[in-house]
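The next block holds one structure in the form of structure tokens; read it before the comments.
Each reported figure results from applying straightforward, stated rules to the coordinates on display, with no laboratory input. Not measured: the values here are computed from a predicted model. Every residue, glycine among them, receives a Cβ derived from its backbone with ideal geometry; neighbour counts consider all protein chains shown.
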Amino acid sequence: MGEILGLLKVVVVQGKRLVIRDFKSSDPYVVLKLGDQVAKTKVINSCLNPVWNEELTFSLADPVGVLNLEVFDKDRFKADDEMGHANLNLQPLVSAARLSHVLRVSSGEMTLRKVVPDSENCLVRESCISSVNGEVVQSVWLRLRGVESGEIELKQRDTCYIASAGLPDLVYSGYKPHAYSWNEFPPLRDILDAVHKELPGSIFNSLLLNRYKGGNDYVSWHADDEKLYGSTPEIASVTFGCEREFLLKKKPHKSSQERCDEKPPPLKRFKRSSSHSDQHSFTLKHGSLLVMRGNTQRDWLHSVPKRAKAETTRINLTFRRVV
Ligand SMILES: O=C(O)CCC(=O)C(=O)O
Ligand SMILES: [Mn+2]
């Protein structure tokens, strides 16, 4: 379906009882891999119980894979020694994030799901996936494999979803969420009001917030065509901070309803900065409002690609209507 799953932030918190690889200790660092994305922590010298507290960012695309973790001992004059490895299935976190998307989870703390240790996974103990102030977080202790001892603590979070009160009750994976009020987020409520004023007749009742910390953060090709947004989703996208390029391209398979001479979808208030017949590029500046509506999600994919020059943070709010 080409669904966007957002960004995954993984904090490598600490390690415990790591193995000795040098004379009396080790100089450990952690490598995380998700598909072809690789990120590393810094090296902590001479320490078997290191505290990294480092946040590493990955993009999550469908199908979500398995996060692979490896610990190494940094050596100067020879290849780094292995200190164990582990993996973590990301599906439970992603399902919980989807769940929170359709909930009106905005404040407070709520356990969405529990994952228990079994022979397949590396969990040391039960791990809770919770919504904390609108963010989906999971904390896990992973037992390192291939070594006599060692555990690593990770904390992961997905991007933030907020949705409004007043939607009909939803049951998702057997779970019936409590509806929180938008009024707990006055600045977001104000932005929603401003968007409604700009777009008379449109009604949005949920919000996905994406933070791009720099040019390496991106959103891959997708359409926001989930059923919960109805057959012609309307999405109002507001940008703050660093300007970024927004791309639209035709879906590979044309819908039968579509006419061959169909023009690109109407995008309010945007000058196209470039266009090939089936792909269009727009620059989303600070304060801009972009609207996708009609058959845009049915017929087109969109993305925010990596850009080396985008050095500062961009916050993007996409207001949507769950029907
Ligand atoms: O950041 C953007 O401009 C787009 C984000 C997006 O497509 C999404 O969250 O579905
Ligand atoms: Mn999107």
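Which of the residue pairs LYS114/LYS251; LYS197/LYS249; LYS9/LYS251; LYS155/LYS251 have a Cα-Cα distance greater than 31 Å in the structure shown?
Values: LYS114/LYS251 37 Å; LYS197/LYS249 29 Å; LYS9/LYS251 29 Å; LYS155/LYS251 36 Å.
From the list (LYS114/LYS251; LYS197/LYS249; LYS9/LYS251; LYS155/LYS251), the Cα-Cα distance tops 31 Å for LYS114/LYS251; LYS155/LYS251.
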What distance in nm separates the simple spin-label points at ASP22 and ASP118, each placed 7 Å from Cα in the Cβ direction?
-> 4.1
Hey, can you rank 113-121, 53-61, 69-77 by average C-beta count inside 10 Å, highest first?
-> 53-61, 69-77, 113-121
Between ARG125 and SER202, what length comes free when the chain is fully extended (0.36 nm per residue of separation minus the Cα-Cα distance, one decimal in nm)?
-> 23.0 nm
Debye intensity ratio I(q)/I(0), log10, region 1-90, q values 0.23 Å⁻¹ (C-alpha model) = -1.11
